[in-house]
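Structure first, then comments.
The values are calculated or read from the model by the stated rules, or taken from the named source; none is laboratory data. Just so you know, these numbers come straight off a predicted model, no measurement behind them. Please note: Cβ atoms are built from the backbone with ideal geometry, for glycine as well, and neighbour counts cover all protein chains shown.
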Amino acid sequence: MIDDDIDLIFDEPVSALSGSVLIRRHSPIIFMYPSLMVAFLLGFFSVLGERSPEQPGYLGILFLTFTFVNLSVLSIRYTRAAAWGLLGLGLFLWLLCVTVFDQGALAVLHGAASPVFMSPGFYGIWISCLGGLIFADYWQSKMETWRIVGTELVCYRAIGLDERHPVSGIRIHVETDDVAKYALLGSGDLYFLNQSGRPLVSLKHVVRIRSKEIRLQQDLARAQELWSSMQQGIHDRIEREKSA
């Protein structure tokens, strides 16, 4: 159910015209959707709660920490080694704070908890900015659509010329070595390779890439089979004309 909802938000998985899977690339901003959801949640709590000396505004500190971690997904390539290394570093720093710098850390939190952290307007600004950027990426992704039609790999562009490549010799290669991006949206990079193994088309940040890879491989196999039968038909016709 969740996977289907992700498809509806970020992608349209199947073309109504050809039945082939649609592939769209996205910008990295889509990986900020967890921060957008947290901003909605903490903004709601800030409306209900009242700021007081007993509640000095830790929600804002929590939000900024979460957003910083979320931003790191955009700037760091989280290979498995990098992910485990940063997780270990984070646990070490947390243990250091709660054991050695316990009182000092609490003092910093108290000093940083200004009223703006509990203000609904603070979260409203973040919701507007993040929501606007993610919405812009959603529409930008619709400006360029890749799919297999007949015996061609076709790119339909809302602005500019369409792009077409024959499917003969094309292979598909998928990379999902960034575990953070894959965990958030099942995202990865998709490459169409030519006969020599060089990238013909590169599509970054394809949502739910593994399920799309399976369907795309099926579309490609059908297209290449059709291409082969067409070439065989042309060859047979030429042979008949020669024999006649």
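What the table below lists for this structure:
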{"item": "Test result for Tyr191, of a type outside the set (Gly, Ala, Ser), modelled with pLDDT of 90 or more and more than 25 Å from Arg77 (Cα to Cα)", "result": "no"}
{"item": "Test: residue in the range 206-222 that is at negative phi, surrounded by 15 or more Cβ atoms within 10 Å (Cβ to Cβ) and in contact with a Phe, Trp or Tyr (Cβ under 6 Å, 6 or more places away or on another chain)", "result": "yes"}
{"item": "Hey, Val174 in a strand (DSSP E or B) and in contact with a helix residue (DSSP H, G or I) (Cβ under 9 Å, 6 or more places away or on another chain) or not", "result": "yes"}
{"item": "Meets criteria (part of a helix (DSSP H, G or I), touching a residue at least 12 places away in the same chain (Cβ under 8 Å) and surrounded by fewer than 18 Cβ atoms within 10 Å (Cβ to Cβ)) for Arg237", "result": "no"}
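Residue-wise test of (1) more than 30 Å from Gly121 (Cβ to Cβ); (2) modelled with pLDDT under 90; (3) among the charged types (D, E, K, R).
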position: Ser18; (1), (2), (3): yes, yes, no
position: Ile30; (1), (2), (3): no, no, no
position: Ser35; (1), (2), (3): no, no, no
position: Ala39; (1), (2), (3): no, no, no
position: Gly49; (1), (2), (3): no, yes, no
position: Arg77; (1), (2), (3): yes, yes, yes
position: Arg80; (1), (2), (3): yes, yes, yes
position: Leu93; (1), (2), (3): yes, yes, no
